[in-house]
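The values are calculated or read from the model by the stated rules, or taken from the named source; none is laboratory data. Here the structure is a predicted model, which is why all the values come from computation and not from measurement. Quick reminder, even Gly has a Cβ in these numbers, built from the backbone with ideal geometry, and neighbours come from all protein chains shown.
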Amino acid sequence: MLAFYISEATRSMFGDEKFNVSFISHGAVNLIELKKFDSDEDFNNYIKNNPLSPESKWNGYYNSLSINEEGKITSGKAEAILDKALYDLNSYLEPKILAANYFLKGKNDYIKALNIYIDLYFDNPHFYDWEFAEFRIKTISLENKKAWWETKKMSGAPIAKLIESENNPRIIGVAISEIRDNWNSEYLQVMLKLFRNDDPDIQRQALHTILHHPEDAPSKETIKKLLNDKDLIVRAMASFLVVKCLGEKHFNLLKDNLESGIELIQYDTMQALVVMGGKNGKEFLKKNPLKNAQPELEEMWQHVVYNK
């Protein structure tokens, strides 16, 4: 799964055209397509003359599945047949296409379906069977994580404790989504702890969960400590807490961030003031220019404060 997420991040960063070239060179699995025939007669003659060929083997498995006119598999032994076909013809494309859809839609077997769709994705990242492979993988993965999270909750341990003891960022992400929709002030501390998680997406989710519930905001003293934290990401995120949770009267707490000369902190502080601070945030930013900023940030500051 890590290879899949890295691949998708690369696609997002460089676009399909550059991604495709790199993928073909370094990422492709290259599944083998079975031979195609111009007519049923050509196909039947080939099968007859080549009984041990992959095409002949797949034809035998396919016919055993009893597929109706709607394309649905009706055989009660389909799972066993497809398992055997996948083992026997592991390098071939057609068995994986049929099996992936069957295990996902016919059996709701997300584990088997996920493994096959990953193979199909790495053969062709644009693979499509009513939905693109990358979306199938993300959807299945999310369902699996939800199931794992539900299993963990069955222990009866407090949700905050479960999150603190969890290492998988994807499961933590599911837990945060549940917390955001079923908020309780007791979750505040565990969300603040997640500011120090190694996964940027988890950090972002934790921050937005707190911002979504400003009625249970951290105290002014807690936020001031975060603004002086040794962790630069924590300091940067704390700027959003100042603007959203403490408000205009406490914008002065952000002066050190704006004067820090640290690109990440200055950028996030500007974002917080402009996006969440409205007219007053922009005015504060105008009166408190950046110090020792990179040229790009200085240019951004100029654009923000002098353009309506």
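Restricting to the stretch 165-177, name every residue that is surrounded by 14 or more Cβ atoms within 10 Å (Cβ to Cβ) and either in a helix (DSSP H, G or I) or free of Cβ contacts under 8 Å to residues at least 12 places away in the same chain (or both).
Within the stretch 165-177, 169, 170, 171, 172, 173, 174, 175, 176, 177 qualify.
Which condition breaks for residue 218 when tested against (1) modelled with pLDDT of 90 or more; (2) outside any helix (DSSP H, G or I); (3) over 18 Å from residue 272 (Cα atoms)?
Residue 218 satisfies every listed condition except (3).
Does any residue of the stretch 184-197 turn out to be farther than 28 Å from residue 101 by Cα and within 14 Å of the chain's Cα centre (by Cα)?
To start, the set of residues in the stretch 184-197 that are farther than 28 Å from residue 101 by Cα comprises 184-197.
Subset that is within 14 Å of the chain's Cα centre (by Cα): none.
Scanning the stretch 184-197, I find no residue that is farther than 28 Å from residue 101 by Cα and within 14 Å of the chain's Cα centre (by Cα), so the answer is no.
Output yes when any residue across the stretch 288-295 is in a helix (DSSP H, G or I) and touching a residue at least 24 places away in the same chain (Cβ under 8 Å), and no when none is.
So far as the stretch 288-295 goes, no, none of its residues is in a helix (DSSP H, G or I) and touching a residue at least 24 places away in the same chain (Cβ under 8 Å).
In this structure, is residue 194 in contact with a helix residue (DSSP H, G or I) (Cβ under 7 Å, 6 or more places away or on another chain) and either at pLDDT 85 or above or part of a helix (DSSP H, G or I) (or both)?
Spelling it out, residue 194 is indeed in contact with a helix residue (DSSP H, G or I) (Cβ under 7 Å, 6 or more places away or on another chain) and either at pLDDT 85 or above or part of a helix (DSSP H, G or I) (or both).
Going by the structure shown, is residue 67 aliphatic (A, V, I, L, M), closer than 22 Å to residue 131 by Cβ and over 33 Å from the mean Cα position of the chain (by Cα)?
yes
Do you know which of the residues in the stretch 65-94 that are of a type in the set (Ser, Thr, Tyr) and modelled with pLDDT of 90 or more is surrounded by the most Cβ atoms within 10 Å (Cβ to Cβ)?
Across the stretch 65-94, the extreme among qualifying residues is 92.
Look at residue 205 and say whether it is crowded, with 18+ Cβ neighbours inside 10 Å and either modelled with pLDDT under 95 or of a type in the set (A, V, I, L, M, F, W, C) (or both).
When the stated conditions are applied, residue 205 passes them.
Checking residue 115 against (1) closer than 30 Å to residue 59 by Cβ; (2) among the polar types (S, T, N, Q); (3) over 18 Å from the mean Cα position of the chain (by Cα): exactly one of these is not met. Which one?
The failed condition is (3).
Within the stretch 91-105, is even one residue within 19 Å of residue 30 (Cβ to Cβ) and basic (Lys, Arg)?
The answer is yes, given that some residue of the stretch 91-105 is within 19 Å of residue 30 (Cβ to Cβ) and basic (Lys, Arg).
Which one of 41, 55, 69, 94 is assigned by TED's automatic domain parsing to the domain that holds residue 140 and touching a residue at least 60 places away in the same chain (Cβ under 8 Å)? Lay out the reasoning, then the answer.
Values: 41 fails: touching a residue at least 60 places away in the same chain (Cβ under 8 Å); 55 fails: touching a residue at least 60 places away in the same chain (Cβ under 8 Å); 69 fails: touching a residue at least 60 places away in the same chain (Cβ under 8 Å).
It is 94.
Looking only at residues in the stretch 222-249 that are part of a helix (DSSP H, G or I) and of a type in the set (S, T, N, Q), which one is farthest from residue 199 (Cα to Cα)?
222
Please go through the stretch 95-110 and pick out each residue that is surrounded by fewer than 20 Cβ atoms within 10 Å (Cβ to Cβ) and in contact with a strand residue (DSSP E or B) (Cβ under 9 Å, 6 or more places away or on another chain).
Passing the criteria: only 106.
Results for (1) in a loop (DSSP other than H, G, I, E, B); (2) over 16 Å from the mean Cα position of the chain (by Cα), shown as yes or no for each residue.
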position: 130; (1), (2): yes, yes
position: 134; (1), (2): no, no
position: 142; (1), (2): no, no
position: 145; (1), (2): no, no
position: 150; (1), (2): no, yes
position: 155; (1), (2): yes, yes
position: 162; (1), (2): no, yes
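Could you tell me which of the residues 195, 122 is touching a residue at least 40 places away in the same chain (Cβ under 8 Å) and assigned by TED's automatic domain parsing to the domain that holds residue 223?
195
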